[in-house]
Amino acid sequence: MGESLVGITLFFVVLAPLCLLWLARPERLLQLILVTGIFEAGSAVTLGGLGIAPNTLPAMTLVGYIAMQLLLGARYPGRTRVLALSLPFLLVAGWAIATSWLSPRLFEGRVFVWPQKSTPPFALTALSPGTANLNQDLYLSLNIVIFILVALYATRRGPPGHPFRPVNLLRAYFASILLAFAFAVWQFANRVAHVPFPTDTLYSNPGWSILTEQSIGAIPRINGTFSEPSSLGGYMAAGAFCSGWLILNDFPGLLARVTLVTAILGVLLSTSATGIVSLAAGAAIVIAMGLTIHTRRFLPIIKRRAVQFVLLGAVLVVLITILAPDVITNLGTIFDTVTNKQDSESYDARSSTDLDSLQAAFDTLGFGVGWGNNRSSSLIPGLLAAVGIPGVLGLVWFGWGLASHVRALRRMDRRQEDIQVVNGASAAIVGYLVPACLSGPTITAITFFVLLALLVSGIARAESRQPGKPRLRLFPPAEPRQPAGEDSAQEQPLQHSWVITS
């Protein structure tokens, strides 16, 4: 495939009118962001070697809408909680952008890094000032702005008779899983039966190296709308984390159950070792929680579902063995590939890249080489190399604070929509982090930051419903506290409410 020319693509033609149509309907824009987040390898606009991701269009429209509200004097009820919860993350983001400029000047020529975009021959290069990291800084800045504005907006309740329901955004996320699976099946049909597939449209981003036409034995590897099979597997694994956890927490309706089955099938269809290992890690986490902190509620469900899965698996194995015996051989090939991944050349190359990233962090005395100046193979070495020990500690501080607030909400009714949003968003975020820790250099997807915003706003909304609002702390207590009366637990009057509720 050749590089796309400068101009617009089919994604722009479809999304631009929708953004204009829903300009004053931010809930629709948020749903559009989540649904179009699966088109990772596509672009709405191409500018030479740079492609603008499709969901950037509704994201920028949403940013403009909420920013205009704030300029007109709108105030959201959970802003104090949101900003307090987000402070560590904002500090890390500021540190990342600052070091992206400082580190190349402080450690010029003394540290070696893997550049974001390498050209043959691939090799370590000396750290030096330049503009190569500018794109990464811009993406990070945009994601942080989206995170804060969505978190602020999602604390609103909506006008009487038309409440804002963030739980509908989880359903939009589930819809994206189903759509991604549909495209993956479509690509599988293309690889097996040569059914026409819109390759040029889906892989129109010139900034991505698209890995297609891969196979394991006779089984084609599927990447769907993503740049590589591991990205599809990771996305599906995150959907399985989210839907599975919500099912265990009594999420109503059939959609979550269909999404769980679809997500698992999507991981298997991708044949991604990252996705398969992530699913195994998720199952282990659920079993561990069922044996410890959620024994009374989860253990009976786990036992019942385990028996169902074993029976269903036995029936499928018998049917496949009788109807298509060659499939068993191919599945054995996939299993061998996954279990022997550590013996492959790609695994050695990725391990070497991670070790070089750790060495870069060491050579900068833990300061970091700056955001966008190094590309690792997995998340933790990449973060240590990019933002150093201070940045990683800041992220741990942020994550620990959110986890503490989530634990403090455990006593509330899990059927409340705000608690469902917290449970779903937190599980999806863990589902993003696990694959990234295995084989993702960083997380730049707008969908991740929207889910993170839903988690923060969900915590703020749920806490405001408690009889006494917990005092905000950067290191919050593990259990909810019940201080004296609170006169600001209700929503504050909103200035220019016609703007907010339109």
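The values are calculated or read from the model by the stated rules, or taken from the named source; none is laboratory data. As the structure is a prediction and not an experimental result, all values here were calculated from the model. FYI the Cβ positions are ideal-geometry reconstructions off the backbone, even for glycines, and counts take in every protein chain you see. Ligands, DNA and RNA are excluded from the accessible area calculation, which covers all protein heavy atoms including side chains. Shrake-Rupley method; radii C 1.70, N 1.55, O 1.52, S 1.80 Å.
May I ask you to list pairs of residues, at least six apart or on different chains, whose Cβ atoms are under 6 Å apart, with the first in the stretch 134-158 being more than 12 Å from PHE89 (Cα to Cα) and the second being polar (S, T, N, Q) and buried (at least 17 other Cβ atoms within 10 Å of the Cβ)?
These pairs meet every condition: ASP137/SER100; ALA151/SER457; ALA154/SER457; THR155/SER457.
So if I check each of GLY275, GLY253, which one is in a helix (DSSP H, G or I), at pLDDT below 90, out of contact with any strand residue (DSSP E or B) (no Cβ under 6 Å at 6 or more places or on another chain) and not hydrophobic (A, V, I, L, M, F, W, C)?
Checking each option against the conditions leaves just GLY275.
Quick test for you: out of LEU142, LEU106, pick the one residue that is among the aliphatic types (A, V, I, L, M) and open to solvent by 70 Å² or more (accessible area, probe 1.4 Å). First the steps, then the outcome.
Numbers: LEU142 fails: open to solvent by 70 Å² or more (accessible area, probe 1.4 Å).
Residue meeting the stated conditions: LEU106.
Inspect the stretch 442-463 for any residue being open to solvent by 60 Å² or more (accessible area, probe 1.4 Å), modelled with pLDDT under 90 and either under 18 Å from PRO77 (Cα atoms) or assigned to a helix (DSSP H, G or I) (or both) and give the result as yes or no.
Checked the stretch 442-463: no residue is open to solvent by 60 Å² or more (accessible area, probe 1.4 Å), modelled with pLDDT under 90 and either under 18 Å from PRO77 (Cα atoms) or assigned to a helix (DSSP H, G or I) (or both).
Please specify each residue of the stretch 62-89 satisfying the condition of being of a type outside the set (Gly, Ala, Ser) and under 30 Å from VAL387 (Cα atoms).
Selection gives LEU62, VAL63, ILE66, ARG79, THR80, ARG81, VAL82, LEU83, LEU85, LEU87, PRO88, PHE89.
So the check is Cβ under 7 Å with 6+ separation or different chains; which pairs have a first residue in the stretch 223-247 that's more than 14 Å from THR271 (Cβ to Cβ) and in a helix (DSSP H, G or I) and a second one that's open to solvent by 20 Å² or more (accessible area, probe 1.4 Å) and of a type in the set (Ser, Thr, Tyr)?
ALA238/TYR432
Of the residues that sit in the stretch 174-211 and are open to solvent by 60 Å² or more (accessible area, probe 1.4 Å) and β-branched (Val, Ile, Thr), which one is farthest from GLY266 (Cα to Cα)?
The qualifying residue farthest from GLY266 (Cα to Cα) is VAL192.
So which residues in the stretch 153-168 are among the charged types (D, E, K, R), open to solvent by 30 Å² or more (accessible area, probe 1.4 Å) and closer than 24 Å to LEU71 by Cα?
ARG157
May I ask you to list the residues in the stretch 90-148 that are at pLDDT 85 or above, more than 22 Å from the chain's Cα centre (by Cα), under 30 Å from LEU62 (Cβ atoms) and not small (Gly, Ala, Ser)?
Within the stretch 90-148, THR99, TRP101 meet the criteria.
Assuming ARG171 fulfils every condition listed in (1) open to solvent by less than 10 Å² (accessible area, probe 1.4 Å); (2) within 21 Å of LEU451 (Cα to Cα) apart from one, which condition is it?
ARG171 satisfies all of (1) open to solvent by less than 10 Å² (accessible area, probe 1.4 Å); (2) within 21 Å of LEU451 (Cα to Cα) except (1).
Tell me, which residue of the stretch 391-418 that is in a helix (DSSP H, G or I) and either touching a Phe, Trp or Tyr at 6+ places or on another chain (Cβ under 6 Å) or of a type in the set (S, T, N, Q) (or both) is surrounded by the most Cβ atoms within 10 Å (Cβ to Cβ)?
Looking at residues that are in a helix (DSSP H, G or I) and either touching a Phe, Trp or Tyr at 6+ places or on another chain (Cβ under 6 Å) or of a type in the set (S, T, N, Q) (or both), I get GLY391.
Would it be correct to say that GLN116 is open to solvent by 40 Å² or more (accessible area, probe 1.4 Å), assigned to a loop (DSSP other than H, G, I, E, B) and touching a residue at least 40 places away in the same chain (Cβ under 8 Å)?
yes
Cβ contacts < 8 Å: first residue over 18 Å from THR225 (Cα atoms) and of a type in the set (A, V, I, L, M), restricted to the stretch 252-272; second residue at pLDDT 90 or above and open to solvent by 40 Å² or more (accessible area, probe 1.4 Å), any location; separation 6+ or different chain. Result?
Here the result reads LEU255/ARG171; VAL258/LEU178, each pair linking the stretch 252-272 to a residue that is at pLDDT 90 or above and open to solvent by 40 Å² or more (accessible area, probe 1.4 Å).
Before we move on, is LEU365 open to solvent by 40 Å² or more (accessible area, probe 1.4 Å) and either assigned to a helix (DSSP H, G or I) or free of Cβ contacts under 8 Å to residues at least 12 places away in the same chain (or both)? Let's see the steps before the verdict.
Numbers: open to solvent by 40 Å² or more (accessible area, probe 1.4 Å): yes; either assigned to a helix (DSSP H, G or I) or free of Cβ contacts under 8 Å to residues at least 12 places away in the same chain (or both): yes.
Yes.
Hey, could you check the stretch 371-390 for residues that are surrounded by fewer than 22 Cβ atoms within 10 Å (Cβ to Cβ) and not β-branched (Val, Ile, Thr) and say which is modelled with the highest pLDDT?
Of the residues in the stretch 371-390, the ones surrounded by fewer than 22 Cβ atoms within 10 Å (Cβ to Cβ) are 375, 378-380, 389-390.
After this cut, where a residue has to be not β-branched (Val, Ile, Thr) as well, the list is 375, 378-379, 390.
Numbers: ARG375: 86, SER378: 88, LEU379: 91, PRO390: 95.
Restricting to residues being surrounded by fewer than 22 Cβ atoms within 10 Å (Cβ to Cβ) and not β-branched (Val, Ile, Thr), the top hit is PRO390.
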